[in-house]
Amino acid sequence: MTYTPLKTLTAEDFIAQYGDDPRYELIDGELRDLDPTGPHESVAGKAAGYLFAETLRLNADWIVPKNCLIRPLAAGTTVLRPDAILLDNTALEKESLWEREPVITSGQAIKLIVEVVSTNWQDDYACKTEDYALLDIPEYWIVDFRGLGGVGYIGRPKQPTFTICTLQGNDYLRQQYRLGEAIQSKLFPALQLCLAALMP
């Protein structure tokens with residue numbers, strides 16, 4: 001048997017070929033199939049809805065775009081596609097690509113990111129946690145509604161888990177919540193939300 005390595009894609013190649021396809025993202029040059037399912041999209045849509053509603057309540061100049069790619073300039077072979085993202089509208093003028101395409105290249109405009117865990121849970125708990133911390137994104141939500149993450153991330157017994165990662169210096173401080181527990185967000189301290197409300 002001969003091993004043939006997969007062709008590594010650049011960020012430019014990925015955006016040209018897969019930028020409009022919500023099924024894929026690029027991590028370290030490797031194409032990742034996000035394997036979206038109906039329940040996954042339901043959870044992502046509910047999370048985006050809560051972000052939008054809280055933004056309206058606060059009368060903040062923030063947006064929750066339907067589509068958005070994150071292409072960190074420091075990582076030439078990574079393009080991430082978060083399940084939901086909250087952007088500071090006033091900081092988008094600093095984003096050189098935003099006027100032409102929904103691509104963010106730095107973390108300056110990003111207030112919060114939501115990732116809904118699917119079969120590629122390692123990306124959400126490990127790779128993306130590092131990438132988002134390097135971009136100085138203040139808050140990162142990991143919604144593991146099926147309890148798929150490794151026990152090192154969600155504990156034992158494995159069960160649905162909502163993890164809020166809050167940036168402290170260069171790293172995230174993680175706080176886990178289970179079904180029925182009220183979630184505490186630093187960005188949205190008055191938010192009334194629990195994992196059960198996001199379940200499909």
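At a glance:
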| read-out | value |
| --- | --- |
| Residue list for the range 100-134, filter: of a type in the set (A, V, I, L, M, F, W, C), at pLDDT below 95 and in contact with a Pro (Cβ under 8 Å, 6 or more places away or on another chain) | Leu134 |
| The range 40-53, residues that are among the hydroxyl-bearing types (Ser, Thr, Tyr) and surrounded by fewer than 20 Cβ atoms within 10 Å (Cβ to Cβ) | Ser42 |
| Any chance Leu97 is at pLDDT below 95, farther than 19 Å from Asp28 by Cβ and among the hydrophobic types (A, V, I, L, M, F, W, C) | yes |
| Within the range 54-86, considering residues that are of a type in the set (A, V, I, L, M, F, W, C) and surrounded by fewer than 12 Cβ atoms within 10 Å (Cβ to Cβ), the one farthest from Asp124 (Cα to Cα) | Leu56 |
| Residue that is modelled with pLDDT under 95, assigned to a loop (DSSP other than H, G, I, E, B) and small (Gly, Ala, Ser), where the choices are Ala60, Ala75 | Ala75 |
| Which numbered condition Thr37 fails, given (1) within 16 Å of the chain's Cα centre (by Cα); (2) surrounded by fewer than 20 Cβ atoms within 10 Å (Cβ to Cβ); (3) β-branched (Val, Ile, Thr) | (1) |
| The range 126-166: number of residues that are under 28 Å from Gln108 (Cα atoms) and out of contact with any Phe, Trp or Tyr (no Cβ under 8 Å at 6 or more places or on another chain) | 10 |
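The values are calculated or read from the model by the stated rules, or taken from the named source; none is laboratory data. Model, not experiment: these values are computed from the prediction. As a convention, Cβ positions derive from the backbone with ideal geometry for all residues, glycine included, and neighbour counts pool all protein chains shown.
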